[in-house]
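FYI, it's all coordinate maths here, none of it is from the lab. All of these numbers come straight from a predicted model, not from anything done at the bench. Cβ placement follows ideal geometry from the backbone for every residue including glycine, while neighbour counts extend to all protein chains displayed.
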Amino acid sequence: MSAADTGARPFWRRTLPSAARTRILGWVLLLVMTALGIVTFVTWRLFVSAIDARMDAALRLEVEEFEDVTASGVNPRTGQPFTSVEEVISEAIAYNIARPNEQFLGYVDGQFYIQSRQQPETPDVLAGDEAFADLVGSVTEPVEGRYEQPEVGQVRYLAIPVTLAGDPSRGVIVAAFLGDAERADADEAIRLMLAVGAATLLVATAAAWLVAGRILRPLHDVAETARSITDSDLSKRIPTRANGDELDDLVGTINRMLDRVESGVSAQRRFIDDAGHELRTPITIVRGHLEVQDPNDPDDINATAALVDDELERMNRMVSDLLLLARSEQPEFLQTRPVDVGALTRDVFEKVTQLGERAFTLQSVAEVTALLDPQRITQAMVALADNACRYTEDGDEIGIGSRLVDQWLRFWVADSGPGVAEAERTRIFERFARGSAGGHRSDGAGLGLSIVQAIAAAHGGHVDLDSSPGHGATFTVVVPARGGEPWHAS
């Protein structure tokens, strides 16, 4: 017994749905994380750019205010002219109020001199920073730049040199922003955004796991149904949910395929059973007569030989019919060409009149030309006429004809026999099936109507049956008149 039969399926089969579910979930999460990362990074950069632009604008504004204070050369507090560079720096710094994370510093001859009053939350780190003093304390022209302070990180500054006529000292006023500290709120907002995004991602992961399982459920059903189908039971089908989505379409397609497979296997089984039965009968007859024949009686030997020859001929005809049905599904089964349908109908009529002492009549002729295989159409019509002869008596009427109706050619054989019962109209076209109506029972294998139907189907058509018990039957081969054109006016 296999692992599938015992329920102990291989590990990879048991984990396949979960693996697919995990892959789907992994790709979804990767896309969500990538999108979240991009959005977070872009948002953070926009915040930082806005803060940097605001700091740069504030620094330039402070410089303009310094220039306004010092441009006149008069101390706005005393109304007297400035007497020294130190006085200019002191008044300019005192005049400006520092914002949080902002500092104003004054340098004289390269040394730190004074700074503005600080906001409580602003770290006092630049006044004693000698490296910063060396960087900005002796500039001779306005300088804007960045400085990495060991304690507070990036410092954005603008240094303006200060000179006063009559004073040899050289001073510098510096407006500085503690950049990293100014960006702390933005960084905190981004951290909060990441935390919320991570929490959302966890919830989305759980939801995606459930949704993926629901979406993949039909695939799981497909696998389970495929494992449950055996050569003895093809009746299982995949449950449908009628949602109308692509997976339901897949399930419906697979179920229809299983229907075709089951139908084909059932037909194959019936075919094998019927063929075995039909072939077994002549073999049994031959064997039985060979076993009981008298080898010393020439008449018995001749009679047995004739019977064996007749049964072998019947078996040969049956095998030929089976091969014909097998070839009917191949492209080379038909050899089509433009055919004069009227001439073909008259030729078929001439042939079938030799099948028996019946009152054959040519009822109608389609005077058109069409793309057909004349040999196969003839074969179908002769088979139908032979079938009609078997179920009629000498002198009974059998009609032959053809007609073009709405670009469909109709070839028919109508008889006045016992007709076909309603319950048998489908069954008689099956292989090895025979009608139950009275008449001369066929010594064939019951393949004639199956061959007729195969010939019609190969032309892209079908066989119609019009009959009622006791009032005869009309079998019509209906095929498309491809390339059909009037042969002449009828």
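Please give the contour-minus-distance gain from Ala223 to Trp408: 0.36 nm per residue of separation, less the Cα-Cα distance, rounded to one decimal in nm.
So the chain would gain 62.1 nm between Ala223 and Trp408.
Nearest 0.05, what FRET efficiency do Asp464 and Leu61 give at R0 = 56 Å with Cβ-Cβ as r? Before the final figure, lay out the partial values.
Values: r = 97 Å, r/R0 = 1.74.
Efficiency, from the Cβ-Cβ distance: 0.05.
Please list, in order along the stretch 86-92, the HN-Hα scalar couplings obtained from phi with the Karplus expression 6.51 cos²θ - 1.76 cosθ + 1.60 (θ = phi - 60°), rounded to whole Hz, x for Gly and Pro.
So the Karplus estimates, Gly and Pro as x, are 4, 5, 4, 5, 4, 5, 5 Hz.
Suppose each label sits 7 Å from its Cα in the direction of the beta carbon; what would the Arg237-Ser138 distance come out to in nanometres?
So the two model labels end up 9.6 nm from each other.
222 nm [θ] for the chain, helices only, -39500 (n - 2.57) per DSSP H run of 4+, per residue, to 500?
Numbers: 11 runs with 248 residues, N = 490.
Here the helix-only value at 222 nm equals -17500 deg cm²/dmol.
With Rg and Dmax of the Cα atoms in Å as the read-out, I listed (i) 31.0, 125; (ii) 51.4, 164; (iii) 26.7, 85; which label goes with the value calculated from this structure?
(ii)
Which of the peptides 457-466, 190-199 is most tightly packed, and how do the rest follow, judged by the mean count of other Cβ atoms within 10 Å per residue? Could the numbers behind the result be given before it?
On the way: 457-466: 16.5, 190-199: 12.9.
Packing proxy ranking, top to bottom: 457-466, 190-199.
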